[in-house]
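Novice: This is the structure I want to talk about, given as structure tokens.
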Amino acid sequence: MTIAANLKDIRQQIEAACRRCGRDSRDVRLVAVSKKKPAAAIEAAFMAGQKLFGESYVQEFCDKQEQIDQPLEWHFIGGLQSNKVKYLRGRTALIHSVDRLSLAREISRQWQKIGQRADILLQFNLGREASKSGADENQALELARAVSELPGLQIRGLMTLPPWDEEPERVRPYFRRLRELAGEIEAAGLPDVRMEELSMGMSHDFEVAIEEGATLIRVGTAIFGARD
Ligand SMILES: *Cc1c(COP(=O)(O)O)cnc(C)c1O
């Protein structure tokens, strides 16, 4: 299957999932996860109408972005070390993976240097897996409050990467929990905190994520094929 054909299929699946749960498909954006794929694959997806891409590795992202002239929207979705934030400065529209105050502080500092506001999501490790980044949900309000006090930064929503399970139904409780957590944070009424985005769902479980309220689904393999 070509990238264009894969994208067409996925868009149809998104439409169908939205119809099943009575959502407007314009409220679900597809983030094409192009990590470990060459710039040519990104351009092929762009030619098929895809404008939003997600990358996970800072160096790889910067290299590829420089090779591409098209006006793409880039999101950063991977684990992020504070000392690499400066390389992302001004290049990404949204960082999905903010899981600690020190990282948010560095993003705030770097984006202020260019006089721009950084949009971020707070990432939670709802399965409490040692192998995954993400904050503990017990610290959600404390983290949201502290991050909200930083200048030049806006929390736009939440992100999660749940424990792997080949059966999407078993992942549903994590998606549901992320939505509840967004509600709890929203209820605190913090300044510069808007729970507009729920980033959840990948190639094999995005339909369930949509049913649970995802507004950003991060899909790699189903668009670009397996990564090596
Ligand atoms: C790689 C990655 C994805 C995409 O996963 P696929 O299973 O290939 O769709 C989504 N989210 C994050 C955070 C990733 O690192």
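Novice: Only residues that are modelled with pLDDT of 95 or more, away from the ligand (no atom under 12 Å from the Cβ) and open to solvent by 50 Å² or more (accessible area, probe 1.4 Å): list them for the stretch 52-92, please.
Specialist: 59, 63, 66, 67, 73, 81, 83, 84, 86, 87, 89, 91
Novice: Being over 14 Å from residue 161 (Cα atoms) and in a helix (DSSP H, G or I) is the filter; apply it to the stretch 177-199 and report the residue that is farthest from the ligand (Cβ to nearest atom).
Specialist: Checking each candidate, the answer is 187.
Novice: Another question about this same structure. Name, by its number, the condition in (1) of a type in the set (A, V, I, L, M, F, W, C); (2) in contact with an Asp or Glu (Cβ under 8 Å, 6 or more places away or on another chain); (3) crowded, with 23+ Cβ neighbours inside 10 Å that does not hold for residue 208.
Specialist: The number of the failed condition is (3).
Novice: Tell me which of these residue 38 doesn't satisfy, since it passes every other one: (1) within 18 Å of the chain's Cα centre (by Cα); (2) open to solvent by 20 Å² or more (accessible area, probe 1.4 Å); (3) within 16 Å of the ligand (Cβ to nearest atom).
Specialist: Result: residue 38 fails condition (1) only.
Novice: Among the residues of the stretch 200-228, what is the count of those that are acidic (Asp, Glu) and either within 9 Å of the ligand (Cβ to nearest atom) or free of Cβ contacts under 8 Å to residues at least 60 places away in the same chain (or both)?
Specialist: 2
Novice: Something else now. Looking at (1) closer than 16 Å to residue 84 by Cα; (2) open to solvent by 50 Å² or more (accessible area, probe 1.4 Å), can you tell me which one residue 128 breaks?
Specialist: Tallying (1) closer than 16 Å to residue 84 by Cα; (2) open to solvent by 50 Å² or more (accessible area, probe 1.4 Å), residue 128 fails exactly one: (1).
Novice: Take the conditions open to solvent by less than 60 Å² (accessible area, probe 1.4 Å), more than 30 Å from residue 3 (Cβ to Cβ), out of contact with any Asp or Glu (no Cβ under 7 Å at 6 or more places or on another chain) and modelled with pLDDT of 95 or more and apply them to residue 152. Does it pass?
Specialist: no
Novice: Among the residues of the stretch 41-51, write down those that are open to solvent by less than 30 Å² (accessible area, probe 1.4 Å) and either under 14 Å from residue 67 (Cα atoms) or more than 16 Å from the ligand (Cβ to nearest atom) (or both).
Specialist: The answer is 41, 42, 48.
Novice: Let me confirm something: among 8, 35, which residue is more than 20 Å from residue 197 (Cα to Cα) and in contact with a Ser or Thr (Cβ under 6 Å, 6 or more places away or on another chain)?
Specialist: Result: 35 is the single residue among 8, 35 that is more than 20 Å from residue 197 (Cα to Cα) and in contact with a Ser or Thr (Cβ under 6 Å, 6 or more places away or on another chain).
Novice: Given the condition polar (S, T, N, Q), modelled with pLDDT of 95 or more, outside any loop (DSSP other than H, G, I, E, B) and closer than 22 Å to residue 55 by Cα, answer yes or no: does some residue in the stretch 124-147 qualify?
Specialist: No; the residues of the stretch 124-147 include none that is polar (S, T, N, Q), modelled with pLDDT of 95 or more, outside any loop (DSSP other than H, G, I, E, B) and closer than 22 Å to residue 55 by Cα.
The values are calculated or read from the model by the stated rules, or taken from the named source; none is laboratory data. Nothing here was measured: the structure is a model prediction, and the numbers come from that model. Neighbour counts are summed over all protein chains in view; Cβ atoms, including those assigned to glycine, are modelled from backbone coordinates with ideal geometry. In case anyone asks, the SASA skips ligands and DNA or RNA and just uses the protein heavy atoms, side chains included. Shrake-Rupley method; radii C 1.70, N 1.55, O 1.52, S 1.80 Å.
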